[in-house]
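Notes to accompany the following structure.
The values are calculated or read from the model by the stated rules, or taken from the named source; none is laboratory data. This one's a predicted model, so the numbers in the text were calculated from it and none came from an experiment. In this analysis, Cβ positions are derived from the backbone assuming ideal geometry, glycine residues included, and neighbour counts consider all displayed protein chains.
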Amino acid sequence: MTNILAIERLTKTYDNGFVALKGVDLTIAQGEIFALLGPNGAGKTTLIGIVCGLVRATSGKVTVDGCDIAADYREARQKIGLVPQELATNQFETVLEAVRFSRGLFGKAPNPAHFERVLRDLSLWDKKDQRIGALSGGMKRRVLIAKALAHEPQILFLDEPTAGVDVELRRDMWEMVRRLREKGVTVILTTHYIEEAEDMADRIGVIAQGELILVEEKHALMRRLGQIRVTIGLTQKLDALPDHLSDLALDLTPDGMTLAFTQKGEDCDDRLGALLKTLVARGIEFRSVNSERSSLEDIFIDLVGRRR
């Protein structure tokens, strides 16, 4: 796949001496959904701000579809849409006026058909003539998304897009994101709802203390760093773990009715199958087998915790 965003050795030190980014390198492919995860203050918003031209980098280089964001600012910026965390809108504009104005900022001629399509996708078409100040917080969030899509960007940044919004908006937004990807739009999101990243993203990046500590395809990451906890319910109570099972790294629960083991990495299914065959061969009868896989949130908490 073609890379549409390339970030090389990006650093940012603020005037007060705070180092927000420490040599970040990252490439993102066209049509990819990339989730950037990190705790508060990790550098997510600074990184997005630099790419979108809102923050000046201390050093490093960023190119968007081959355009340097410093040397080719106007062309690069036209390729980017940003949905910020803050609900910053002109309260006295109507919804349609706001979308038209956002497109005009990029020197593009009005496109009524595109406006209608975007507003309908976000369930805003029936509110197109209402003033933004009269809308609910969730509807204002939808307006921000519509404004970001007004000029038909190739990259869409979603900075905590579902913070404080209702379930319906979340569902509508993620459906829209999937449609955008089908059209080749690249989506980069930050979120504290890590289950959303687990559901939506193709790749995951984890940033902590200004450093990108991990970038990996989601399923590969889950296999490599995730773990599975397996519990095997026995038909008869064991007073202690038999000597002939001591080589299997099993735990016996206090009630003597359950065997358990935790497996990290990718080969848990193979180990479980071999274990069950061994139990049968050694005369241990069981009535149930249950497994619980770690979530992306579990992996994220573990990764970030190591950096503290």
TODO: For residues that are surrounded by fewer than 17 Cβ atoms within 10 Å (Cβ to Cβ) and in contact with a Leu (Cβ under 9 Å, 6 or more places away or on another chain), tally how many sit in the stretch 1-18.
DONE: 4
Open item on the list: For the stretch 67-87, which positions are outside any helix (DSSP H, G or I) and touching a residue at least 24 places away in the same chain (Cβ under 8 Å)?
Closed with: K79, I80, G81, L82, V83, P84, Q85, L87
Task: Subset of the stretch 27-51 (residues that are β-branched (V, I, T) and in contact with a helix residue (DSSP H, G or I) (Cβ under 6 Å, 6 or more places away or on another chain)) - done: I33
Open item on the list: Which residue is nearest to P39 (Cα to Cα), if the candidates are limited to the stretch 189-199 and must be of a type outside the set (D, E, K, R) and surrounded by fewer than 18 Cβ atoms within 10 Å (Cβ to Cβ)?
Closed with: H192
- [ ] Scan the stretch 161-179 and give yes if some residue there is modelled with pLDDT of 90 or more, out of contact with any helix residue (DSSP H, G or I) (no Cβ under 7 Å at 6 or more places or on another chain) and either surrounded by fewer than 20 Cβ atoms within 10 Å (Cβ to Cβ) or within 25 Å of T63 (Cβ to Cβ) (or both), otherwise no.
- [x] no
TODO: Go through the stretch 1-18 and count every residue that is over 23 Å from G81 (Cβ atoms) and in a loop (DSSP other than H, G, I, E, B).
DONE: 5
TODO: Could you tell me which of the residues L47, L96, L21 is in a strand (DSSP E or B), surrounded by 16 or more Cβ atoms within 10 Å (Cβ to Cβ) and outside the structural domain of E297 (by TED's automatic domain parsing)?
DONE: L21
Open item on the list: Can you find a residue that is modelled with pLDDT under 90, in the same structural domain as V64 (by TED's automatic domain parsing) and outside any strand (DSSP E or B) anywhere in the stretch 107-118?
Closed with: yes
Task: Given (1) in contact with a strand residue (DSSP E or B) (Cβ under 7 Å, 6 or more places away or on another chain); (2) crowded, with 17+ Cβ neighbours inside 10 Å; (3) over 21 Å from V215 (Cα atoms), index of the condition T58 fails - done: (2)
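Working carefully through the options L158, L122, find the one that is under 23 Å from A35 (Cβ atoms), buried (at least 20 other Cβ atoms within 10 Å of the Cβ), of a type outside the set (V, I, T) and in contact with an Asp or Glu (Cβ under 8 Å, 6 or more places away or on another chain).
L122
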